[in-house]
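> Would you mind keeping the following structure in view while I ask a few things?
The values are calculated or read from the model by the stated rules, or taken from the named source; none is laboratory data. As the structure is a prediction and not an experimental result, all values here were calculated from the model. When we count neighbours, we look across all protein chains shown, and the Cβ atoms used for this are built from the backbone with ideal geometry, even at glycine. Surface areas here come from the heavy atoms of the whole protein model, side chains and all, with no ligands, DNA or RNA. Shrake-Rupley method; radii C 1.70, N 1.55, O 1.52, S 1.80 Å.
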Amino acid sequence: MWELVFGGILALILSTIASHLYYDTRPFVTEHAVPIIAHAADNGFPSDHTLLTALIGFTILMHSRVVGSVLLSVALLVGVARVAARIHHPIDIVASFVIAALSVAIVQVVSRRWSRKSARS
């Protein structure tokens, strides 16, 4: 559980940095259309919904390949639905998966180093 909490905090930090470095106008704004799902016309990069579901999927993947894969499939479906609803571009979804994977990988590396260091003491 703590891996999910720290991974979530790290993902939030990385997502905030990414959104300040890159601005992606939402598709419904550039198309001058009413979105299928009511949404603010703000920066769509990265997708918060996809980020959260991918983070959960990657975290669980470290413990169970089957359950993690299913959850990552759900995350992909969330991302596809966000693109289909014209709320996000595909780059927003890809970025969310990258940020989630990077966050989980960093937490795993830190966790392993911490465990080794604790074992030596």
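> Which whole-Hz ³J(HN,Hα) couplings does segment 29-44 yield from phi under the Karplus relation 6.51 cos²θ - 1.76 cosθ + 1.60, θ = phi - 60°, glycine and proline marked x?
6, 5, 8, 6, 10, 7, x, 4, 10, 4, 7, 5, 8, 9, 5, x
> With θ set to phi - 60° and the Karplus curve 6.51 cos²θ - 1.76 cosθ + 1.60, what are the ³J(HN,Hα) couplings of segment 86-91 in order, to the nearest whole Hz, using x for Gly and Pro?
Listing the rounded values in order: 6, 8, 9, 8, x, 4 Hz.
> Roughly speaking, what is the stretch gain from Ile37 to Arg116, that is 0.36 nm per residue apart minus the C-alpha to C-alpha distance, in nm to one decimal?
Gain on stretching Ile37 to Arg116: 23.7 nm.
> Further, regarding this structure: About the Cα centre of the chain, what is the dipole size in debye to 20, counting +1 per Lys and Arg Cβ and -1 per Asp and Glu Cβ, all else neutral?
720
> Got a number for the accessible area of Arg86? Probe 1.4 Å, square angstrom, nearest 10.
80
> With a 1.4 Å probe and all protein chains kept in place, how do Glu31, Glu3 rank by accessible area, largest first?
Glu31, Glu3
> Just the accessible area for Ile56, please: 1.4 Å probe, Å², rounded to the nearest 10?
Probe radius 1.4 Å; accessible area of Ile56 about 60 Å².
> Taking a probe of 1.4 angstrom, what is the accessible area of Arg26 in Å², to the nearest 10?
Here the residue's solvent-accessible area equals roughly 10 Å².
> Please work out the FRET efficiency for the pair Ser69 and Met1, using the Cβ-Cβ distance as r and a Förster radius of 22 Å; give the result to the nearest 0.05.
0.65
> If you don't mind, there's one more thing I want to ask. Could you quote the convex hull projected area for the chain, Cα atoms only and averaged over all directions, in nm²?
Over all viewing directions, the chain projects a mean Cα-hull area of 8.0 nm².
> For segment 14-23, take each phi angle, set θ = phi - 60°, evaluate the Karplus expression 6.51 cos²θ - 1.76 cosθ + 1.60, and give the result in whole Hz per residue in order, putting x for glycine and proline.
5, 5, 5, 4, 4, 5, 7, 8, 9, 10
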